[in-house]
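Everything below concerns the one structure shown next.
The values are calculated or read from the model by the stated rules, or taken from the named source; none is laboratory data. Computed from a predicted structure; not experimentally measured. The protein model used for the area step is the full one, side chains on, heavy atoms only, and it has no ligands, DNA or RNA in it. Shrake-Rupley method; radii C 1.70, N 1.55, O 1.52, S 1.80 Å.
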Amino acid sequence: QVQLVESGGGLVQAGGSLRLACAASGRTFSTYAAGWFRQAPGKERQFVAGISHSGTFKNYAASVKGRFTISRDNAGNTVSLQLNSLKPEDTAVYYCATGTSTQDMANSRVDYWGRGTQVTVSS
């Protein structure tokens, strides 16, 4: 069982930056791939970024590649998402998740979800 709690969301102007953090409980966190998803109002939840259990492999949605960076600290049981060059279309609730592999997560096959943190980008 893994419990995930996100933090770091907020209101930022277009072009600005935010750093999201996800704290995981459970001794098995380091054995899971981890990732971030987002859901904008009226839209389906979509994959944003994933990272392998060791942190070696990362994958990103095309819409955020080059602007967002995912990282993890297995010793601290955390996974982070650095959001740079934010755009109004990045406005959404951002969710942390864990799964078997980054490929599975990119296909929305997730084992555990956090409750989400709101990111709002003003124009």
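Taking amide H atoms as placed 1.01 Å from N in the peptide plane, the amide H of residue 86 lies under 5 Å from those of 15, 16, each 5 or more residues away in sequence or on another chain.
Any chance you could check the Cα centroid distance between the stretch 59-89 and the stretch 100-123 for me, in angstrom? For the stretch 59-89 versus the stretch 100-123, the Cα centre distance is 11 Å. Within the stretch 1-118, the proportion of C-alpha pairs whose separation exceeds 23 Å stands at 19%. Think of a 1.4 Å ball rolled over the protein heavy atoms: the stretch 45-123 then has 48 Å² of accessible area per residue. Bridgeable lysines around residue 87 (alpha carbons under 21 Å apart, same-chain partners fewer than 8 residues away excluded): 43, 65.
Rounded to the nearest whole Hz, the Karplus-based 3J(HN,Hα) values (6.51 cos²θ - 1.76 cosθ + 1.60, θ = phi - 60°) of the stretch 75-91 follow the sequence 5, x, 6, 10, 9, 10, 9, 8, 10, 10, 6, 5, 10, x, 6, 7, 4, with x at glycine and proline. Scanning residues 5 or more positions from residue 53 or on other chains, those with amide H under 5 Å from its amide H are 33, with H placed 1.01 Å from N in the peptide plane.
What whole-number volume per residue, in cubic angstrom, does the convex hull of the C-alpha atoms of the stretch 3-63 give?
About 118 Å³ per residue, rounded to a whole number.
Phi angles of the stretch 8-20 translate, via the Karplus equation with coefficients 6.51, -1.76, 1.60 and θ = phi - 60°, into HN-Hα couplings of x, x, x, 9, 9, 7, 3, x, x, 9, 9, 10, 9 Hz per residue; Gly and Pro are given as x.
Among the protein heavy atoms of the chain, carbon and sulfur supply 47% of the accessible surface, probe 1.4 Å, non-protein parts ignored. In percent, rounded to a whole number, the relative contact order of the chain is 35, using alpha-carbon pairs under 8 Å and six or more apart. Over the chain, dividing the summed -39,500 (n - 2.57) contributions of all DSSP H runs of at least 4 residues by the number of residues returns a 222 nm mean residue ellipticity of -1000 deg cm²/dmol.
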